[in-house]
Amino acid sequence: MPFFYMCTNKNCTRRNADSQRVYDFLEANGWTFTEDVPRADLIVVCTCAATDNTESDSLYNIGRMLQKKSETAKMIITGCLPKINPEKLGELGNFLTVNPRSLEEFDGLVNHHVSIGNIFDRGEILVPDFVRPTDSLLVRLVRLAKECTSNPRALKLAAKRALARAQRAREMAITMVMPGRAPIINPVTTPRMMARKTCQ
Ligand code: SF4
């Protein structure tokens, strides 16, 4: 009996619905979900790259799966990162990818008797939260510290992100106190977000 593991992105309704459809597709074809990543024969990582934070989370999830998976496990990257920032993804390796707008590509990558085209799109994710791994704050801080000591550019990026988050928190606080006041657009993240291709 083949086992699979899925890692969804945490913030996108559309991609979460895709993840549910892929999950249903795999189960319909005799695959069984496992929480034990090294045991999985197939790992599907659904990514997002709408912002620096979501892109960073996606890259981190891929890196973590690479560390944990068995040597023989197949790994498929779906979601928006492969299209939005293929260069960043390429820094981690060469992966099988599936465009979220062409989920039928899964048919060509996974042995099946039920096509993903016959799997109902529920429009939401129902699978348990354990397919969305999150790290504790401590683990994240240690990772950040390691990145920053070995890479000055990462330190600069982390500082920019911290500044952007602080600005967002400040805006939220002000908006709560003064509900009629229009929020100020974040000057740090907006140019980067606007430069990105639109969400798919
Ligand atoms: S880039 Fe947009 S559509 Fe794609 S996963 Fe992120 S939020 Fe969703």
Going through Lys74/Lys160; Lys69/Lys160; Lys88/Lys160 one by one, the pairs whose alpha carbons sit over 27 Å apart turn out to be Lys74/Lys160; Lys69/Lys160
Whole-Hz Karplus couplings 3J(HN,Hα) for segment 160-172, θ = phi - 60° and coefficients 6.51, -1.76, 1.60, Gly and Pro as x, run 4, 5, 4, 5, 4, 5, 4, 5, 5, 4, 5, 4, 4
Given backbone amide H placed at 1.01 Å from N, residues whose amide H is under 5 Å from that of Thr78, ignoring those fewer than 5 places away on the same chain, are Val45, Cys46, Thr47, Val98
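Computed from the coordinates by the stated procedures, all read-outs in this text should not be read as laboratory data. Small disclaimer: the values here were computed from a predicted structure and weren't measured.
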